[in-house]
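The values are calculated or read from the model by the stated rules, or taken from the named source; none is laboratory data. Small disclaimer: the values here were computed from a predicted structure and weren't measured. Methodologically, a virtual Cβ is constructed for each residue, glycine included, from the backbone with ideal geometry; neighbour enumeration extends over all protein chains shown. Keep in mind that these areas ignore ligands, DNA and RNA; they rest on the heavy atoms of the full protein, side chains included. Shrake-Rupley method; radii C 1.70, N 1.55, O 1.52, S 1.80 Å.
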2 protein chains.
Amino acid sequence: MTLDEARARDAADPLRPLRDRFVLPDGVIYLDGNSLGPLPRATLAANRDLVERQWGERLIRSWDEGWMGSPARIGGKIAPWIGADADEVIVTDSTSANLFKLIVAALRRDPARTVVISETGNFPTDLHIAEGAVACVPGGTLRAVPRDALADAIDDRTALVLLSHVHYKTSARFDMAAWTRRAHDAGALILWDLSHSVGAIPVDLNGAGADMAVGCGYKFLNGGPGAPAFLYVAERHQAQLANPISGWMGHARPFAFTDAYEAGAGMERWRAGTPPMLAMAALEAGLDAIADVPIEALATKSAALFDAFAAAGDAIGLKCIAPRDPAERGSHIAFRHPHACAIMAALVERGVIGDFRDPDILRFGLTPLYVGFEDVARAALALAEIVADHRGVAPPGPIA
Amino acid sequence: MTLDEARARDAADPLRPLRDRFVLPDGVIYLDGNSLGPLPRATLAANRDLVERQWGERLIRSWDEGWMGSPARIGGKIAPWIGADADEVIVTDSTSANLFKLIVAALRRDPARTVVISETGNFPTDLHIAEGAVACVPGGTLRAVPRDALADAIDDRTALVLLSHVHYKTSARFDMAAWTRRAHDAGALILWDLSHSVGAIPVDLNGAGADMAVGCGYKFLNGGPGAPAFLYVAERHQAQLANPISGWMGHARPFAFTDAYEAGAGMERWRAGTPPMLAMAALEAGLDAIADVPIEALATKSAALFDAFAAAGDAIGLKCIAPRDPAERGSHIAFRHPHACAIMAALVERGVIGDFRDPDILRFGLTPLYVGFEDVARAALALAEIVADHRGVAPPGPIA
């Protein structure tokens, strides 16, 4: 793809106008929205309103004027992106804390099922948190196995299967419906981490019959650095599962100030402490900024951007580790190269921001909301030049 | 105290200029900073810098430019307010989540000690979270008893004594050194919830020999609605205690992306997920705005404001439930009245913002950073008129 061809494709792209909804710094090609989404222009006003009017002017009264209901309200705005009903999603805490809550809750469902099955090489916090969560339930055990051993590992002692829908390194995607069936066939629940898929590819939790999910607000939802995370529990499980981090905001009547905890109705019980409103408002603004954009159109353009980048990678001779079939991956592309760390540093130096993942992965987010074909073409040109500079150079030794 | 006398006291008050550091809406006397501190003027610029430059322009690069270290850096700014060393405090999650982590950690220290002792009527989230935390440790039990039964309840099965330094309703303060000794004499640890004392009264955790503490950023530290909370662990315990919510940000090397969890050094292990940077930056700005203010001067003025309000309450015939001796209380005042709910609604209608606490408590924060003697005099005048309106009216029945 030449630069002229890329510009022609941008000119013909019906999603091209969406780019104007984001602040994108001059001289930067931003291919890291899968790690931190850029600032939506509308967030500027929403943030100002939150700080200056809601906090500055209305002060404590804002709790009754929209803050108290924000976790459920913003959850309702995430629901259409993940195939959930509005009352199945709540925004609260971090992905890590939400994983903890749900893993403990799942393990407590049936004392005969004590094992959590996950994948080696899953996003670290999923495994780390699972390690901590299983220690909170008698007999609880985490068993992480390679992907090709997963199906056999799920059995009648499995309480929960914990999987990331899209892999943070390779972009490989699990078939959500098939793996949900596999868990259910063994009598287990399944918990999907949607951090690398929500807002990037179509997700249909209820269509797949999923049980639980968590996900991240700061990647494709553009909710700001460290944006609050979300938590989904299928309606059929909501009355049975309990939150181990039983804080006052999840109480049925938080302002009755009773000594005894009484779990709130529906998803309210998954709240713990007071919601961080500056962060909540930014996430809501991020969601509002893309509420009218159909995920199918994003996925189609993402696939086209991927194909263009993959072809350039082939021409450079880079090893692409993301699946070529769009149905089998998320919206980022990843290459392996022994000099990945140095190559990414050189790219960033030239204003092409992707990221390096230990030990040898170059990762580029191809977020169709604001990434265009010319961006991909320019990034590929820079990549080709930098890779050429590293040709014939011995790979670095292992990092001490 | 007449209005003229109050104005004269304000004119003579050396802390009076601090008021200009805060945004205070016209027509409002704000006596609820013990629930939500007002907006510091400097936070406006800090928030803009975070959103527009750090997020908007620097994007992902900001993680290396200050965001990753923010929990420890901001913790270090809280340390002088609580008598801790800078490396004993970290800012992360909510007070609720931090209570959960520390209670579980304390219970795991010695399997022979399975009981958490707390006070009935403690702030609800402390009891609710303790209820959830004890269920995560074999044999874990929460025993909440009235204050006068606390000393006898602490024994050789006590793992942890969990107390709020200042009571959220009555303002009554525990003698931190004496109760820490009482816990230690029985071989137990003590965890102080400082939410209603940090920034309001002198706190000396290390002077008292305390073990653990948590506290809130959105009250007297003016960190914004739902500001991140903090967590303190005395240096001597840091290597032994483990965080049950073992998320990737608490890992020794978060970006090594290893499958196995390895607890970070010092306080880093108490982190869980990605810090919410909009909220973190506002808390840091709140702390910076008062970093030069000596807590002793605040406490002295707070006591004078209290005495003025208490005298007005006496004249009105209100029953003050806060201790009269400043050494025995925090910085808010509280009265009981059968019509408390209606009285507070009428006060708020007139621009005097305090709060009502179920079932019959009127609570007023007397935060000396921005509350003056004229504010107290005017609030007392409005209160006198409204209470007079309720004289002879039958008290409401219990709320259904």
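A few remarks follow.
- Amide H to amide H distances under 5 Å link residue B:22 with B:41, where only residues 5 or more positions off or on other chains count and H is placed in the peptide plane.
- Comparing B:117, A:24, A:251 along the charge dipole axis of the protein assembly as shown, the residue lying farthest to the positive side is B:117, per the Cβ-charge model.
- Each of B:201, B:218, B:171 was scored by the projection of its Cα onto the charge dipole of the range B:134-220, and the greatest displacement toward the positive side belongs to B:218; charges sit on the C-beta of Lys, Arg, Asp and Glu.
- In order along the range B:375-386, phi translates into HN-Hα couplings of 4, 5, 4, 5, 4, 5, 5, 4, 4, 4, 5, 5 Hz, rounded to whole numbers, per the Karplus curve 6.51 cos²θ - 1.76 cosθ + 1.60 with θ = phi - 60° and x for Gly and Pro.
- Accessible area in square angstrom per residue, the range A:307-387, 1.4 angstrom probe: 32 Å²
- All aspartates and glutamates inside 12 Å of residue B:219 as judged from Cα atoms, apart from same-chain residues fewer than 8 positions distant: B:32
- Low-density loop cleavage sites - chymotrypsin sites (Phe, Trp or Tyr not before Pro) in the range A:291-367, where at most 13 other Cβ are within 10 Å (DSSP): none
- Residue of A:58, A:108, A:16 that the Gaussian network model of chain A assigns the largest fluctuation, springs spanning Cα pairs under 10 Å: A:58
- Dipole size of the range B:1-113 about its Cα centre, with +1 on Lys/Arg Cβ and -1 on Asp/Glu Cβ: approximately 280 debye, rounded to the nearest 20.
- Spin-label model, residue B:12/residue A:152: points 7 Å from Cα along the beta carbon direction are separated by 8.6 nm.
- On Cα atoms only, tilt of B:295-316 relative to the major axis of chain B in degrees: 40 degrees
- The protein assembly as shown - convex hull of alpha carbons, volume per residue in Å³: 153 Å³
- For the range A:46-290, a simple Cβ point-charge model (Lys and Arg +1, Asp and Glu -1, everything else neutral) yields a dipole of about 220 debye relative to the Cα centre.
- FRET E, pair residue A:252, residue A:65, Förster distance 22 Å, beta-carbon r, rounded to 0.05: 0.50
- Histogrammed with a bin width of 10 Å, the alpha carbon distances of the range A:330-379 distribute as 26, 55, 19, 0 percent, first bin at zero.
- Taking the C-alpha atoms only, the angle from helix B:95-107 to the longest principal axis of chain B is near 50 degrees.
- Relative to the Cα centre, the charge distribution of the protein assembly as shown, modelled as +1 at Lys and Arg Cβ and -1 at Asp and Glu Cβ, gives a dipole magnitude of about 320 debye.
- Anchor residue A:319: lysines whose Cα lies under 22 Å away (excluding residues fewer than 8 positions away in-chain): A:169
- Rounded to whole numbers, the Karplus 3J(HN,Hα) couplings from phi for the range A:60-76 are 4, 5, 5, 4, 7, 9, x, 5, 4, x, 5, x, 6, 5, 6, x, x Hz, using 6.51 cos²θ - 1.76 cosθ + 1.60 with θ = phi - 60°, and x at Gly and Pro.
- Percent of beta bridges antiparallel (DSSP, the range A:46-290, rounded to nearest 5): 35 percent
- Buried on assembly, the range A:255-294 (at least 50 Å² less accessible surface than by itself, 1.4 Å probe): A:257, A:259, A:274, A:278
- For the range B:6-37 versus the range B:192-240, the gap between their alpha-carbon centres in whole angstrom: 25 Å
- Solvent-accessible surface of the range A:46-290, taken per residue with a 1.4 Å probe and all protein chains present: 29 Å².
- Chains A and B together bury roughly 6100 Å² of accessible surface, counting both sides and using a 1.4 Å probe on protein heavy atoms.
- Between residue B:45 and residue A:87, the modelled labels are 4.9 nm apart [label points 7 Å from Cα along Cα→Cβ].
- Carbon plus sulfur fraction of accessible area for the range B:46-289, probe 1.4 Å, in percent: 51 percent
- Chain B: Cys lacking any partner C-beta under 4.7 angstrom: B:216, B:320, B:341
- Label point distance in nm, residue B:296-residue B:319, each placed 7 Å from Cα along Cα→Cβ: 3.8 nm
- Threshold 50 Å², the range A:133-151 residues less accessible with all protein chains present than alone (1.4 Å probe): A:136
- When all alpha carbon pairs of the range A:46-290 are counted in 10 Å bins from zero, the resulting P(r) reads 8, 33, 36, 18, 5, 1 %.
- Contact with the other protein chains removes 50 Å² or more of accessible area, compared with the isolated chain and a 1.4 Å probe, from these residues of the range A:53-80: A:55, A:59, A:60, A:61.
- Residue A:344 contributes an accessible area of around 10 Å² to the protein surface, as traced by a 1.4 Å probe with all chains present.
- Across chain A, Cα pairs under 8 Å and at least six residues apart give a relative contact order of 22 percent.
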